[in-house]
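Take a look at the structure set out below.
Every read-out reported here was derived from the displayed coordinates using simple, explicitly stated rules and does not represent laboratory data. Computed from a predicted structure; not experimentally measured. Neighbour counts are summed over all protein chains in view; Cβ atoms, including those assigned to glycine, are modelled from backbone coordinates with ideal geometry.
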Amino acid sequence: MKNRKKAIVIGAGLGGMATALRLSAQGWAVTICERGATPGGKMNRWSTQGYTFDTGPSLITMPDVFEELYQALGTDMREYVELMQLTHQVNYTFDDGTTCSQSASLPEWLNTVRRFEGTTEGFMAYMELGARLHEVSKSTFFARSPMEPPGKETVHVLANMPLRRGWGHYHKEMSHYIKSPYLRRIYDRYMTYVGSSPHQSPGTLCVVPYVEYAQGGWHIRGGLYNIIQSLETLMDKHGVELRLNAEVDRIAHTAKKVEGVRLAAGERLDADVVIMNGDVSMTGPMLGIDKHRECPPDERSLSGLVFLFALKNRHPDWSHHQVCFSRDYDHEFRQLFDERCFPDDPTVYVNMPSITDRSMTPGDGEVMFVMANAPANDRISWDAAHTEAARQRVLNRLKVSGFPDFADEIVASDVWTPERMAQTYAMPGGAIYGRNSHGKKNAFMRPLNKDMKIKGLYYVGGSTHPGGGTPTVLMSARITTNLIQKYEK
């Protein structure tokens with residue numbers, strides 16, 4: 001046991017925990033250094049007066065990716081958490097009062113598509129494109145690092161590769177198939193899942209809406225943070241050392257080879273490999289190397305403004321997931337990415353998991369997560385006045401969209417601004433996904449999982465390959481672990 005190679009993971013986010021577990025299962029001695037008081041990174045929890053909130057991701061897609069992690073550790077995910085599939089995924093409200101519900105049942109959703117489009121042919125062709133690109137991605141983009149040569153598993157790629165469609169920007173390609181302005185707004189919104197604009201992201205990202213239809217949307221009973229707690233239990237079982245309130249301020253290296261890390265408190269920890277689970281743009285300062293993997297401010301992904309409300313009354317007629325669209329969605333994206341300001345009229349996402357899962361409330365009442373996209377901008381000072389002004393824009397959008405007034409029901413609340421996210425999770429500007437996915441380079445040539453200049457330095461998480469979102473973060477953990485096993489034997 002004393003001869004085991006040592007790995008240090010910087011950050012106990014979902015990707016860092018998954019990588020630590022995979023390495024430990026393969027014989028490594030692993031320590032995670034987490035700057036915060038709890039594991040999970042952006043996938044975290046806030047509890048008050050018996051109300052439980054997920055403060056990060058609010059929906060699980062591609063559950064098979066999660067299940068594969070637990071299987072790799074010799075166990076079953078369902079022994080630790082309960083998956084709950086949502087029959088109605090999102091209720092949409094448009095500025096003119098038009099509404100629709102996105103059903104998990106394809107026949108029901110096709111009736112909605114037919115209502116807006118008059119036909120389902122375009123939608124089905126768009127899903128077929130997404131399915132083909134997903135098949136391509138499974139054995140290439142999702143399976144290995146771009147630095148690795150393709151293997152036998154990629155022989156079928158050319159057969160599924162689209163020849164004509166999918167190569168322009170996302171909105172243009174989607175609009176070739178979808179004609180209704182209502183449905184176009186719904187499908188444009190999928191690019192915010194990766195913190196990007198539909199007008200600048202590549203059309204090949206149509207795999208995002210396809211996956212949600214093909215595999216559904218899921219909730220975890222008790223909240224998505226239960227996944228983090230289950231991984232913490234597994235880390236204890238597998239001997240992974242988790243050190244909380246242990247901020248790393250330096251990655252020790254000589255002759256272009258990592259030697260370990262130094263904590264902000266001054267302690268030195270030696271290691272054969274170091275895995276960065278924080279934002280990759282923060283690696284340069286830790287190495288003492290200027291511009292190493294930096295991300296220019298204009299290439300940052302979206303941040304968000306989040307309000308958490310604990311309500312005292314039940315509302316069984318409300319929906320688990322709701323979206324209230326702004327009056328002019330294109331203008332909203334221009335303000336977010338060109339003007340780099342909080343929108344005058346933001347689209348608002350409301351997540352109320354207590355509608356589905358009563359274990360998240362103390363009895364009566366609801367938990368309410370309200371989010372609007374915001375720029376990852378260092379120029380904006382999110383002081384009390386600016387935050388309150390943005391809050392009024394968010395509440396006004398809910399009011400204009402016909403959302404019932406709930407102000408008198410709030411018994412507790414909290415707010416997460418981009419500035420708070422930036423400070424809490426050490427991510428510049430509060431950019432949730434690191435770089436945006438604008439253009440093919442940013443979307444498909446994200447920072448590599450293995451550092452090409454510093455031996456023994458690796459990366460995992462949403463800011464590296466293959467990108468943001470909980471399933472892709474877990475793919476990142478698998479890819480990074482495979483690279484370590486290959487290059488660090």
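Sorting Asp345, Asp95 by the number of Cβ atoms found within 10 Å of their own Cβ, with the fewest placed first, yields Asp95, Asp345. Nearest 5 is fine: what % of DSSP beta bridges in the chain come out antiparallel, could you say? Counting only bridges with both partners in the chain, antiparallel ones make up about 70 percent. Assuming charge only on the beta carbon of Lys and Arg (+1) and of Asp and Glu (-1), the dipole of the chain about its Cα centre is about 1760 debye to the nearest 20. For the pair the range 1-31 / the range 317-367, the C-alpha centres are spaced 37 Å from each other.
Neighbour counts of other Cβ atoms within 10 Å put Leu269, Leu311 in the fewest-to-most order Leu269, Leu311. Under the classification rounded if a/c is under 1.5, otherwise prolate if a/b is larger than b/c and oblate if not, where does the range 52-155 fall, given a ≥ b ≥ c as square roots of the Cα gyration tensor eigenvalues? Cα axes put the range 52-155 in the oblate bin. With a threshold of 32 Å on the Cα-Cα distance, the over-threshold entries among Lys138/Lys486; Lys6/Lys440; Lys399/Lys441; Lys138/Lys453; Lys399/Lys440 are Lys6/Lys440; Lys399/Lys441; Lys399/Lys440.
Could you sort the peptides 471-477, 197-203 by per-residue average Cβ neighbour count (10 Å cutoff), highest mean leading? Each step should come with its number before you reach the end.
Working: 471-477: 25.4, 197-203: 22.1.
With the highest mean Cβ count within 10 Å placed first, the list reads 471-477, 197-203.
Taking 7 Å steps out from each Cα toward its Cβ at Glu148 and Glu135 produces label points 2.2 nm apart.
Test of the criteria: in the range 1-103, which GluC sites (Glu not before Pro) are in a DSSP loop and have at most 16 other Cβ atoms within 10 angstrom of their Cβ? Don't skip to the end; give the middle numbers.
On the way: sites: Glu34, Glu67, Glu68, Glu79, Glu82; in loops: Glu34, Glu82.
Qualifying residues, ordered by number: Glu82.
Each part gets one Cα centre, and for the range 77-122 versus the range 194-209 those centres are 19 Å apart. Dividing the convex hull volume of the alpha carbon atoms of the range 163-290 by its residue count gives 217 Å³ per residue. Shown here for the range 204-305: trypsin sites (Lys or Arg not before Pro) in loop regions (DSSP other than H, G, I, E, B) with at most 11 other Cβ atoms within 10 Å, namely Lys256, Lys291. Report note on the peptides 452-464, 121-133, 97-109, 182-194: ranked by the mean count of other C-beta atoms within 10 Å, highest first, their order is 452-464, 182-194, 121-133, 97-109. Here the residues Ser401, Ser437, ranked from fewest to most Cβ neighbours within 10 Å of their Cβ, fall in the order Ser401, Ser437.
Given N residues in the chain, what is Rg(Cα) / (2.2 N^0.38 Å)? Could you put the intermediate results ahead of the total?
Details: Rg = 22.0 Å, N = 489, 2.2 N^0.38 = 23.1 Å.
Normalised Cα radius of gyration, the chain: 0.95.
Dividing the convex hull volume of the alpha carbon atoms of the range 209-266 by its residue count gives 197 Å³ per residue.
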